[in-house]
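Here is the structure we will look at.
The numbers here are math on the coordinates, done by the rules we state, and not lab data. Just so you know, these numbers come straight off a predicted model, no measurement behind them. Note: ideal-geometry Cβ built from the backbone for every residue, glycine included; neighbour counts use all protein chains shown.
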Amino acid sequence: MAAEGEVLRSAQLGVRVRRGPDWKWDDQDAGGAGTTKEGANAEGWVAVKWDAGGENNYRVGAQGEYDLMVARDPMPAVLRFAQSGLRVRRGPDWKWGDQDGGGPGTTLSGDDHDGCVWVKWDAGRRNKYRIGAEGSYDLIIDSAQPVEVLKSAQLGVRVKRGPDWRWQDQDGGGPGTTVPGADEDGWVRVRWDRATRANNYRVGAQGSHDLVIDFSPPTPTPSGSGEVLKSAHLGIRVRRGPDWDWGPQDHGGLGTTIQGDTEEGWVRVRWDLGGENSYRVGERGKYDLIVDATSPPYARPVPGEVLRTAEAGIRVRRGPDWDWGDQDGGGLGTTEADSDPGWVTVKWDHSGRTNSYRVGKEGNYDLIVAELESHIRVGDRVRFTQEAGDVSFSGCPGRTLAFSVGDTYVVREVREGWFTTRQWENLWAPPGCSRARHCGGSRE
């Protein structure tokens, strides 16, 4: 048997090989290793099945040429089961072209009922692949990317979703860091790079492990003014950059990166003068934004102050320059997005009608931020008296749940009037006594 690093000079089978001194076959090997097998019927030739997919015959003496040398690569582990959080590459039965971008990816699905698994590739795409379906195996486990399940509540550890993940897109599709805040054994709290709030995850609780350690180095947070934004960091002040081709979406002004886009190479921006959209931070080599570090960080409007920005989800009432009669019915409303600079749309509670109002247009300010209606506190028992529905609100820390009339829950956390319950930790209900009322009961 030829030794590692030696030229392969005969048609030995089951030998791990790489391209050798007389290689002339371009990228048939995809730059990786393969294994010799039966199939070459001519003297001085041997067949090779490449780890990256595909197979061909190569010279081991034919024409006096030697295309292969013995590799030390261990035989790759073919992925035969569906587990999320595993790092994988194209495998022996791959037939999907460049869907993987030529690099590794991470499994997403833990459901193997159909012999397939979902993979999100580092290059950005996600697709479903065979791990037994049709008797084929499209993937191998990437031995260059270690996978280590987080089994205890260590702090300051870089993590990503792991084998028992069931929390949808709470992670924003990226990594995060463990932080203090989980008070129960078998749980740890994580603040995600691409999400606006931290959540608790299982590191042994219920016999489950939601996280694996992320060994890749964290992307540094951009800080220099004028620096091109190349990653989906949240809370960064930005303006249009070198590859901008989105017309007046920014109204010629500044914005702040926010949660909302989980596709690799994109980030969502809420513009100060109204509206929000997703922009490229690496998608197809394009960068639409630059950092504006000289501008002050964005601050959410404060109750009692004049509303000066066109931000959606703010509770408002008529303000100092109001000139619109009884459009508000004398009550409160909620702002919605508006595409015209200096204006914001409001939907009024009393009628459900919407109108646009000035937030700087012609130097006028028609609205002030209303005091939060809800006085719900942690530990209160609340009963829903009206369908809360699945509503959107820029300050909502997570997604919302369509509660039913008569449902009773214990409040677990309150944030800007929105609250979540102990039964539905990661689902949020909107503020307002018209939506929920106190039912008494002790605060636990």
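Before moving on, here are some points about what is shown:
- For a straight C-alpha distance cut-off of 25 angstrom, the lysines reachable from LYS160 (same-chain residues fewer than eight places away being disregarded) are LYS120, LYS128, LYS151, LYS230.
- Since only TRP343, GLY333, LEU307 are under comparison, the one whose Cα sits farthest along the positive direction of the charge dipole of region 305-368, derived from C-beta charges on Lys, Arg, Asp and Glu, is GLY333.
- For region 158-213, a simple Cβ point-charge model (Lys and Arg +1, Asp and Glu -1, everything else neutral) yields a dipole of about 220 debye relative to the Cα centre.
- Cα gyration tensor shape of region 158-213, rounded if a/c is under 1.5, else prolate or oblate by comparing a/b with b/c: oblate
- Förster radius 30 Å - calculated FRET efficiency between GLN168 and THR354, Cβ distance, rounded to 0.05: 0.50
- About the Cα centre, charge dipole magnitude for region 315-369 (Lys/Arg +1, Asp/Glu -1 at Cβ), debye: 160
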